[in-house]
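Okay, structure first, notes after.
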Amino acid sequence: MLYRSSLLSIAALLMISFGCGSGRSSTAAFHMPKDGDAERGKIAFVKHGCHTCHEVAGAGLERPSVEPPVPVVLGGLVDDRLSDAYLVTSIIDPSWRLAPHPDPQQIASGSVSRMPSYADRMTVREVIDTVTFLQSRYMLRPVPPAYNYR
C-alpha cells in the first residue's frame, strides 16, 4: 500500500512538473546568456532612443522628452523581480501585455502599445545587453519582518 501511494505521488509530481514547464507560452525553458553587459545595454538603450520615452531609476540618463509623457518608469524598488522573458517580450512585442495603468490611453492606442516593436531594430546582442542593463536597475524591496501578535 505504501509503495503504491509513493508511486502515485511521484507520478503526480512528474505530471505537474511537465505540465507547468512545457509549451510555447512557458517561461520555464527561456534562458538568457550570462554574458550580457549592463554598460553596453545602457549604450543600446540610448542609441535606440528608449531614454526619450522611459525613465530608468538611478541610471543618470536625460529625462524623457516625449509628449505626452510615458508613465512607465523602469527600474527601482519592486516586490517581485521581472523575468528576463518578460523584458525581452516587452522589447520585441510591446503590445503583447501592456503595463497596467489607470489611464490606458497614456500607454496605448486601443490595444496597441505606443512603444514600437524592436524585433527588427535591435540585434540579439543589444536585446541581451539592454535586458541586463534594465535588470541591474531593479532592486527588490526588503520584506518587513513578520510579527506575531498574541
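The values are calculated or read from the model by the stated rules, or taken from the named source; none is laboratory data. Fair warning: this is a prediction, and the values are worked out from it, not measured in the lab. Every residue, glycine as well, gets a Cβ built from its backbone with ideal geometry; the counts of neighbours run over all protein chains shown.
If the Cβ limit is 8 Å and pairs must be 6+ apart or interchain, which residue in segment 45-59 that is at positive phi pairs with which residue that is exposed (fewer than 14 other Cβ atoms within 10 Å of the Cβ)?
Sorted first by the residue in segment 45-59, then by its partner, the pairs are G58/G76.
Would you mention how many residues in segment 52-94 are farther than 21 Å from M139 by Cα and modelled with pLDDT under 90?
The qualifying residues number 4.
Which members of segment 50-96 meet the condition of being hydroxyl-bearing (S, T, Y) and either in a helix (DSSP H, G or I) or surrounded by fewer than 12 Cβ atoms within 10 Å (Cβ to Cβ) (or both)?
Matches in segment 50-96: T52, S65, Y86, T89, S90.
Based on what the data block shows, is Y118 part of a helix (DSSP H, G or I) and touching a Ser or Thr at 6+ places or on another chain (Cβ under 9 Å)?
When the stated conditions are applied, Y118 does not pass them.
Of the conditions (1) part of a loop (DSSP other than H, G, I, E, B); (2) among the aromatic types (F, W, Y); (3) modelled with pLDDT of 85 or more, F45 fails just one. Which one is it?
(1)
Looking only at segment 127-150, which residues are β-branched (V, I, T) and in a helix (DSSP H, G or I)?
Taking segment 127-150 and keeping what is β-branched (V, I, T), we get 127-128, 130-132, 143.
Selection gives V127, I128, T130, V131, T132.
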